[in-house]
Amino acid sequence: MILVNVVISAVTTLLIVRVLTSQPGARLVSAPAPTEQPAIAAAPAVAVARAIAGNPSPTPLPSATPAPAAVPAIKPSNTPTPLPPTNTPVPLPTPTRGPSPTVSPTPRSTGNVGISTVLNVGQKQREVVVIANLSTEVSLKGWTLTSSRNISYTFGNVTLFRDSFINLHTTIGADVPTDLFMNRNDAAWQIGDVVTLSNQGQIVATATVKQQ
């Protein structure tokens, strides 16, 4: 409002001066110096003067939009290195079992040559008496194998080696170093028979035939 009053006063003064000067014999009177207005009103006065003159005030520049603050990039957390897989125990190979060692039959006698066993009693084709030797080699020539039922067999020129045995079969067959044959047509042994091995009439070993 102060600015408007100032402008109106100034315009009115100018009009009065022009009227007075246009009349003959009029004296020019110095117009009093306009009272200085506060500096704070200068800017609005300029704006009003420009508005009156048809010169609008310049378009104010848009205020600068502050740039958004930079957001620090979040570094991904270090992914933990996976632990190596647990060592799977390697299965140990199954040991291959070899054939069981042949165990020499233990002779049933007071010495080192004896009757080990009588197998398949009553079956002529399979019946066999096993005689074993745990001493040095022995010649069985002239030895006899008898039973309590008067069954008898006499050994020929046969050698029974150390830590070995010989099979005496009841059936018919050809003799070899490990297998001899009684060449009988029927079974020689029965359950309960006492089998005796003798050398020159001296008893070397005895065994009782038992159920298998």
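The values are calculated or read from the model by the stated rules, or taken from the named source; none is laboratory data. Since the structure is predicted, the reported quantities are computational estimates derived from the model, not experimental observations. Positions of Cβ are generated from backbone atoms using ideal geometry, with glycine treated the same way; all protein chains shown enter the neighbour counts.
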> Which of the residues belonging to the stretch 121-145 are surrounded by 17 or more Cβ atoms within 10 Å (Cβ to Cβ) and either hydroxyl-bearing (Ser, Thr, Tyr) or within 14 Å of Val204 (Cα to Cα) (or both)?
Replying inline: Ile131, Ala132, Asn133, Leu134, Val138, Leu140, Trp143, Leu145
> Here are Val158, Val113, Val128: which of them is at pLDDT 95 or above and among the aliphatic types (A, V, I, L, M)?
Replying inline: Val128
> Scanning for something more than 16 Å from Lys141 (Cβ to Cβ), within 60 Å of the chain's Cα centre (by Cα) and surrounded by fewer than 12 Cβ atoms within 10 Å (Cβ to Cβ), does the stretch 201-210 turn up at least one residue?
Replying inline: yes
